[in-house]
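Step one of this worksheet: look at the structure below.
The values are calculated or read from the model by the stated rules, or taken from the named source; none is laboratory data. Keep in mind that this is a model prediction, so the values were computed, not measured. We place every Cβ from the backbone using ideal geometry, glycine too, and count neighbours over all the protein chains shown. Side chains are part of the model used for accessible areas, which takes the heavy atoms of the whole protein and leaves out ligands, DNA and RNA. Shrake-Rupley method; radii C 1.70, N 1.55, O 1.52, S 1.80 Å.
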Amino acid sequence: MADSPPSYSVKETAALAGMSERVIRNEIERGVIRVARRPRNSRAAVALPKGALLYFRLLRDMPVRLPRGDRSDLYRLLSGDRQTAGSWRLERGTLKRGILMLDAKAVRTDLDRDLRAYEAGRRKAVSDPDTLGGEPVFAGTRIAIRHIGRLALRGIPAAEIKADYPALSAADIDFAAVFARMKPAPGRPAKLKVRREAA
């Protein structure tokens, strides 16, 4: 059976695209992008395809604000296997609309690199109520992923972080920075289990 293509939550999409969750939710609510709804018991309410990540990365760096119809056409072009959508066309990795030209090939290359790093990091992330109260850590360590990410986002160089945490690779630190951009899930933290010694 073939694997289904990867999909991403709104939080993941926002962190990987470098945009706010609000912008992504607005594009969904306005019908610019169409998403698959997930069952209630899954980790996220919606599933965004890789094309959505590419769309939001391009939108983030767009030199002009596009009207809703043009954004919708751009998303259809990026999420499908087509060469044109509305007034947009794709020619040799370049998106064209009138005099506007965007290098989608370079953005796609950067996104592919970031997604490989993210997926590798996601496989190394574990959460156990007995380790740091369930805070996600790197497998085989007690190093909180969000803590490392916050250090990276504050501008602390990766070499300095690695000096303090030699078990981590540069890819781990990159993953942690993306992970830290995602808001933690709402709700109370898990209660710590306290063992009492027998008297």
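The table for this structure:
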{"item": "Estimated Rh, the chain: Kirkwood, alpha-carbon pairs, angstrom", "result": "18.9"}
{"item": "Dipole magnitude of the chain, debye to nearest 20 (Cβ charges: Lys/Arg +1, Asp/Glu -1, about Cα centre)", "result": "680"}
{"item": "Choice from Ser79, Ser87, Ser20 with maximal GNM fluctuation in the chain (Cα, 10 Å cutoff)", "result": "Ser87"}
{"item": "Helix 170-181 vs. the chain, principal-axis angle (Cα, 0 to 90°, nearest 10)", "result": "80"}
{"item": "HN-Hα J in Hz across the stretch 130-144 - Karplus 6.51, -1.76, 1.60, θ = phi - 60°, x for Gly and Pro", "result": "7, 10, 6, x, x, 4, x, 10, 6, 3, x, 9, 10, 8, 5"}
{"item": "Helix 68-79 axis, angle to the chain major axis (alpha carbon atoms, nearest 10°)", "result": "70"}
{"item": "GNM top mover of Ala125, Ala170, Ala17 - the chain, alpha-carbon springs below 10 Å", "result": "Ala170"}
{"item": "Entries of Lys124/Lys162; Lys11/Lys162; Lys11/Lys96 with Cα pairs more than 23 Å apart", "result": "Lys11/Lys162; Lys11/Lys96"}
{"item": "Helical mean residue ellipticity (222 nm; -39500 (n - 2.57) per DSSP H run of 4+; nearest 500) of the chain", "result": "-13500 deg cm²/dmol"}
{"item": "Per residue solvent-accessible surface (Å²) - the chain, probe of 1.4 Å", "result": "64"}
{"item": "Angle in degrees between helix 104-124 and the longest Cα principal axis of the chain, rounded to the nearest 10", "result": "20"}
{"item": "For the stretch 20-25, 3J(HN,Hα) per residue [Karplus equation, 6.51 cos²θ - 1.76 cosθ + 1.60, θ = phi - 60°, Hz, x = Gly/Pro]", "result": "7, 4, 4, 4, 5, 5"}
{"item": "Accessible surface of the chain [probe 1.4 Å, protein heavy atoms]: carbon and sulfur percent", "result": "52"}
